[in-house]
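The values are calculated or read from the model by the stated rules, or taken from the named source; none is laboratory data. Just so it is clear, the structure is predicted and the values come from calculations on it, not from any experiment. Don't worry about glycine lacking a Cβ; one is built from the backbone with ideal geometry, like all the others, and counts go over all protein chains shown.
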Amino acid sequence: MTAGVLFGCLVGGGAVLGLAVAAGPDAWRRWRRPRPGAEVLPGAWVMRDVRAAALTAAALGELGAGQGEPPAVRVLLVGRDHVVLRLARPAAAALPGRWRPDPGGSRGESWSLSTADLSGVRRLPSGFPAVVTIGRLEDRDVLVDLRQARGVVAVDGDGGQVLRLLEAIAFELVTNPWSREATVVLAEFPADVVLPAPGRVRRTRTVAEAVTMAESFARRPAGLLAVVTARTPPAPDLDRLRRLAEDPGGAVVVLCAGTCPSARWLVGVTTEGHAQLNPPGLRFTSIAAALAGLRRELLLVRGGSAVPLAYAPDSPAPGEPVWFREGQGAGGPERTVVLRAPARVEVRVLGCVEVEAPGPVPPDRRPVLAQLVAAAAVLPGGVSTALLNEVAGRAAPEFVRLLHGWLGTDASGQPRLRGSGEGWTLSPDVRVDWQLFHDLAGGTEPSTERARLTNALGLIRGELFAAAEFAQPVRRALQEATTAFQARHVRCVRRAAELAMAAGDLAGVEWALRKGLTLLPRMEGLWRTLLLFQSEHRPERVGKTAGELLAALGSDGSPATPDAATSRLLARLGHGEIRNHACP
């Protein structure tokens, strides 16, 4: 493909996007430079589909490149390398940029664009704040401009699917780069609805409060306000919202759950997530399903990287991955920082193995079942049939039954423990800190590198697979799978320490190195790095650290004997007597 595109999303109190465009260094620098007067806040948001957002933004940028008001978008179909546009009204002349008439649609209304036709100059599009993804059609995203409804949009059908679709639309509105001036008001939604960019999401206990807020906004509009209600509003409130949504200025869009006789657009959703938009009779699959599968990846990473002045084992992780949960308190809407993204099932292996799942489990079986879940989460092929039989013997069928009951089923009703001829794996909606570490440490956006690495290290709680009660077959299988992870972990630690040193954050350097040693306490290379750092910047701590090193080397019952390189360093730092005392 001759013109690739890549987006990274920066989100703090509001969503701000920096784009990386594979059009060359000059274009890359242009994208990373903030727009004049824009508020650029630290942090990073893992979007639902970064590549699709990049292509959509580039296509909308082409559409808005002409003079005057951009054409009115009715439907946008975004594929892997092709975009199809359906306009609300036929265009009298050729569209701006590289848009071409689409032979598969009506003359003047249907247009198409290939990524190969995108120009080298990119711009963050403006004029499309209400263009939002509502579903998928085959391999393409389906987007509509909510303002083109010219009135209320009703979403009706299966109750659970309706609320999930409305939540997904709200999510898209506050993360799309072209919707950065949009604010969302959620009325009467459950307290467990979690959205990024809390500064752009408001919650109200009643529809009446949301109506009052919308009317106040409409008097002095600044951007776009999307009012989303979890039920059909009462008649007086619905009439007021209808008037706001039908205002030609288009400052307020309204979406409501349930049947609404005065709605201009109606989206019907089935229990399976199949949906249809009337008019124009467009069928698609609800986008809610795509978001549900990405729960574990949707992390809002705080940009702050301050660390405690002195390291302590229970120190909070700086900038630890957080979600903001918004709900109602005694004094009105409240925002709570949640240190772990919500998930029905969580598996934590970066420390003592922990499994949180909704189902019951016999206490006497819990330890060995947790080990099998950890293995299923970490091993490339999951728990093989051979490993299960080696651990459980004749009780293997009972173990599988207990695991199914413990882990339960996902949102689609499928078991979270997936069986195949080769063995057993976990469904994608199980949140695993091992995978989160890989996701954060493996990112490529330079502007968020320190925040990502700090957050990856913040997931560490203790030594990797250290539990003495591990069944020997499980321990052996896990150890064989951790070599590559240990190498990535050490690279993450060293790079995080380098970035902290470059920022003049000495406490951050020690924090990163200590986190590395928390996971791998007998990694002598990290101990030597810590000792060298302290000898230059905090010499008063070297003696204590040397003692901690020897204690860690002997913590597994082996002789506390450092290797030759560590012994030489201890001697050079004047602490060879500690080594000699430890050796018989």
Q.
without any contact (Cβ under 8 Å) to a residue 12 or more places away in the chain and either under 26 Å from R74 (Cβ atoms) or buried (at least 18 other Cβ atoms within 10 Å of the Cβ) (or both): is that true of P236 in this structure?
A. no
Q.
Residue under question is A546, and the condition is that it be farther than 19 Å from R461 by Cα and buried (at least 17 other Cβ atoms within 10 Å of the Cβ); does it hold?
A. yes
Q: Give just the number: which of (1) in contact with a Lys or Arg (Cβ under 6 Å, 6 or more places away or on another chain); (2) surrounded by 24 or more Cβ atoms within 10 Å (Cβ to Cβ) does T183 not satisfy?
A: (2)
Q.
Could you check region 397-427 and list, in sequence order, the residues that are surrounded by 14 or more Cβ atoms within 10 Å (Cβ to Cβ), free of Cβ contacts under 8 Å to residues at least 60 places away in the same chain and in a helix (DSSP H, G or I)?
A. F399, V400, L402, L403, H404, G405, W406
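A quick yes/no check of all residues on (1) closer than 30 Å to L55 by Cα; (2) among the basic types (K, R); (3) surrounded by fewer than 23 Cβ atoms within 10 Å (Cβ to Cβ):
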{"site": "R164", "(1), (2), (3)": "yes, yes, yes"}
{"site": "T175", "(1), (2), (3)": "yes, no, no"}
{"site": "E188", "(1), (2), (3)": "no, no, yes"}
{"site": "M213", "(1), (2), (3)": "no, no, yes"}
{"site": "F217", "(1), (2), (3)": "no, no, yes"}
{"site": "G223", "(1), (2), (3)": "yes, no, yes"}
{"site": "A230", "(1), (2), (3)": "no, no, yes"}
{"site": "R240", "(1), (2), (3)": "no, yes, yes"}
{"site": "A251", "(1), (2), (3)": "yes, no, yes"}
(Q) Given the criteria in contact with a helix residue (DSSP H, G or I) (Cβ under 7 Å, 6 or more places away or on another chain) and not in a helix (DSSP H, G or I), does V185 qualify? (A) yes
Q) Within the bounds of region 146-158, is there any residue that is under 25 Å from the mean Cα position of the chain (by Cα) and part of a loop (DSSP other than H, G, I, E, B)? A) no
Q) Does region 502-510 include one or more residues that are at pLDDT 90 or above, surrounded by 15 or more Cβ atoms within 10 Å (Cβ to Cβ) and either under 30 Å from A370 (Cβ atoms) or touching a strand residue (DSSP E or B) at 6+ places or on another chain (Cβ under 7 Å) (or both)? A) no
**Q.** Any pair with Cβ under 6 angstrom, 6 or more apart, that starts in region 558-577 at a residue that is closer than 18 Å to R541 by Cα and ends at one that is of a type in the set (G, A, S) and modelled with pLDDT under 85
**A.** L570/G576
